[in-house]
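S.K.: My questions will all concern the structure given below.
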Amino acid sequence: MIKSWLNRIEKRVLKTMETPGHFEPFSFDQVLASCASVYKAGVKLRYALYGSGFLKSRRLDCPVISIGNLAVGGSGKTPMALYLARMLSEKGMRPVVISRGYKGTLGKQAAVVSDGREVFLDATACGDEPYMMAMEKNFPVVVGKDRYKAGLMALKTFAPDAVILDDGFQHLKLGRDLNLVLLDYSQPLGNGRMLPAGRLRETLCMAKDRIDAIVFTRCPPDVFQWDAFQLDAVQGFGHQSFAKDIIKVVPSVPVFFSTHEPFVAQLFPAGSDNNTKEFQSWTLQGKTAVLFSGLARNASFAQSAQDLGANIADHLEFCDHYRYNGPDFKRIMARAKALNVDCILTTQKDWVKVNPACFRDVTVAVIGIRMRVSNPQGLEKFIWDNTLGQATAPGRP
């Protein structure tokens, strides 16, 4: 009873977060707007305490690159963290990714998820995104609510050349050399309101002095080819004004454009518990599928499935970071059998919380996302010039 009631409240809040325009007086939405005003005041106070030195940021003895956003959920922070970690690894450097470990059971404890070869914790302990990144087995991953303490552990254990801070823009306790802020191109600031009436953790004006570069994510193909200076010349795109308005607030900040490319990361044929590596020739084109996902924006996953050519028979949507259980698996399987689909599709983030044995009777494809930047050389040069190239400069704090 209580769980059902809480679920209804959560759905109502999520609906409000997507609602633009004026709220009716004395409505539930207006109550959330009042709560947002209190939240905004608290955020401003916290930033003022850091600005005055009453609260202090502490630095690590290596460059720190923070990847973050202004709004909760769904801007592509994890794909970007993977992108940067791969980029640095390919340059022969030793990056470490540090994550909060959201929804993990470790609490305040810092821990090594992976040393780059072996994974030591599961998704329940460390959280969905850290585990997913650790499964790359290409660079170490460390989690900890206190990112400074997690950073000290990373330095002591791995002696990295650089730390990539996943979802760290608002974590001022750890100083950083570079702040990359990701904004979803179609909904960069949500409905423009702060939590819980909107998705904003802070407004653009509150954040502008801390932003070193903006990366617009999930850009449509036409926009993906733009440079920042072209925005005033390009006409006819529905969300163009969002990008232009944001750039006007931070005119001196470099801007990059990126897109998310979906791909089949794993394939589990019907009758098997094991992932097959022989799926390069396997395609979703024309196949009917039931989808299930627990994301901040489940619609983005449905779009990815469509982009890969799948015909969506049904999409079972769950809340972000949802923990699946036996009845959930039975429900998904029952729906797939009832619709007689070719396969079940889910995301890498969701699959790490699934027992493959529950889906033995149907083919399952796990969809991953690759970040692709329109000007990768420009982004790499910007990061190097502003962080890594200065790592040995005299007088660096």
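S.K.: Give G92, G73, G107, G116 a once-over and let me know the one that is closer than 21 Å to T217 by Cα and surrounded by fewer than 22 Cβ atoms within 10 Å (Cβ to Cβ).
M.R.: After ruling out the rest, the residue left standing is G73.
S.K.: Counting just the residues of the range 87-117 that are of a type in the set (G, A, S) and out of contact with any strand residue (DSSP E or B) (no Cβ under 7 Å at 6 or more places or on another chain), which one comes out modelled with the highest pLDDT?
M.R.: Top of the filtered list is G116.
S.K.: Would you tally the residues in the range 82-115 being in contact (Cβ under 8 Å) with a residue 40 or more places away in the chain and closer than 29 Å to V373 by Cα?
M.R.: 19
S.K.: Do the conditions hold for S75, that is, is it polar (S, T, N, Q), touching a residue at least 60 places away in the same chain (Cβ under 8 Å) and assigned to a strand (DSSP E or B)?
M.R.: no
S.K.: Does S304 meet the test of being modelled with pLDDT of 70 or more and part of a loop (DSSP other than H, G, I, E, B)?
M.R.: no
S.K.: Counting just the residues of the range 12-47 that are under 21 Å from G73 (Cα atoms) and of a type in the set (S, T, N, Q), which one comes out surrounded by the fewest Cβ atoms within 10 Å (Cβ to Cβ)?
M.R.: S37
S.K.: Restricting attention to the range 307-352, report how many residues are modelled with pLDDT of 95 or more, part of a loop (DSSP other than H, G, I, E, B) and farther than 19 Å from T283 by Cα.
M.R.: The total comes to 0.
S.K.: Looking at the range 155-190, which of the residues that are among the polar types (S, T, N, Q) and under 19 Å from the mean Cα position of the chain (by Cα) is surrounded by the most Cβ atoms within 10 Å (Cβ to Cβ)?
M.R.: Result: N179.
S.K.: Read through the list (1) of a type in the set (G, A, S); (2) in the same structural domain as F292 (by TED's automatic domain parsing); (3) outside any strand (DSSP E or B), then give the number of the only condition that G378 fails.
M.R.: Single failed check for G378: (2).
The values are calculated or read from the model by the stated rules, or taken from the named source; none is laboratory data. Note that the structure is predicted; figures quoted are calculated from it, not measured. Every residue, glycine among them, receives a Cβ derived from its backbone with ideal geometry; neighbour counts consider all protein chains shown.
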